[in-house]
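The values are calculated or read from the model by the stated rules, or taken from the named source; none is laboratory data. Nothing here was measured: the structure is a model prediction, and the numbers come from that model. Every residue, glycine as well, gets a Cβ built from its backbone with ideal geometry; the counts of neighbours run over all protein chains shown.
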Amino acid sequence: MTMRKLIISVLLTTSAILFITRFGNGQNRISFEDNSVPGTSRHLCINELSTRAVRNFKREFPKVENESWVRISDDYTANFTAAGIQWFVRYDKKGYRSCIVKVYQGKQLPIGIRELIRKKYSNYAVTLVEEETIKELTYYIIHIANATRFKRLYFADGSLTVIEERDKPQVFRDTIYIAATIK
């Protein structure tokens, strides 16, 4: 691709994104927030984002809801919802994707991992899953709980490890007891 074609492509992409965010309906508007200085927040203009990041994002995630962008230091993170999953896609200052984090309910966890947890922790329920992909490595932080305990598990490469475990506060235990007696 020649330099002229590249420049024209970048200009057309930027123009299209600006048009959509400025004149589209409320569902197509994009929110931008700058958190580069702790304690401050301001809306970003789309031209402050890397064209490469926006182009990659639109190609990889064409149908998203509640899209917003946040700047943290020199990186940008796109936050959005798709298919009931909360996504966070991070790009470096050059516009290259550095990681993807998905947060979802336990029922959306891959069946093999769910079965492993069910066998090892039969009296626990999966309450939340954080799936992170950095380059080609994907790992999971899995939150499980029963009536009296919380645990956070780390799963990668077929191995499951407890990284945190603690008792539930009494208020949670009482709430579970009350809910169970009402049924």
Answer yes or no as to whether Asp92 is acidic (Asp, Glu) and either touching a Pro at 6+ places or on another chain (Cβ under 7 Å) or at pLDDT 90 or above (or both).
yes
Tally the residues that are closer than 27 Å to Glu48 by Cβ and either of a type in the set (Gly, Ala, Ser) or surrounded by 14 or more Cβ atoms within 10 Å (Cβ to Cβ) (or both), restricting the search to segment 103-139.
3
Members of segment 137-172 that are touching a Ser or Thr at 6+ places or on another chain (Cβ under 7 Å) and under 13 Å from Thr127 (Cβ atoms):
His143, Ile144, Ala145, Leu153, Lys168
Okay, strands (runs of 3 or more DSSP E) sitting entirely in segment 101-160 with 3 or more residues that are of a type in the set (A, V, I, L, M) and under 18 Å from Trp87 (Cβ atoms), I get 125-134, 137-145
Mind listing just one residue for me: the one in segment 152-183 that is modelled with pLDDT under 95 and basic (Lys, Arg) and, of those, farthest from Gly106 (Cα to Cα)?
Lys183
Can you tell me which residues in segment 70-99 are in a strand (DSSP E or B) and among the hydrophobic types (A, V, I, L, M, F, W, C)?
Val70, Ile72, Ala78, Phe80, Ala82, Ile85, Trp87, Phe88, Val89, Cys99
By residue number, the members of segment 64-102 that are surrounded by fewer than 16 Cβ atoms within 10 Å (Cβ to Cβ) and within 11 Å of the chain's Cα centre (by Cα) are Thr81, Ala82, Ile85, Gln86
Under 7 Å by Cβ, and 6 or more places apart or on different chains, what pairs join a residue from segment 63-79 that is assigned by TED's automatic domain parsing to the domain that holds Lys94 with one that is of a type in the set (Val, Ile, Thr) and surrounded by fewer than 18 Cβ atoms within 10 Å (Cβ to Cβ)?
Val64/Thr81; Glu65/Thr81; Asn66/Thr81
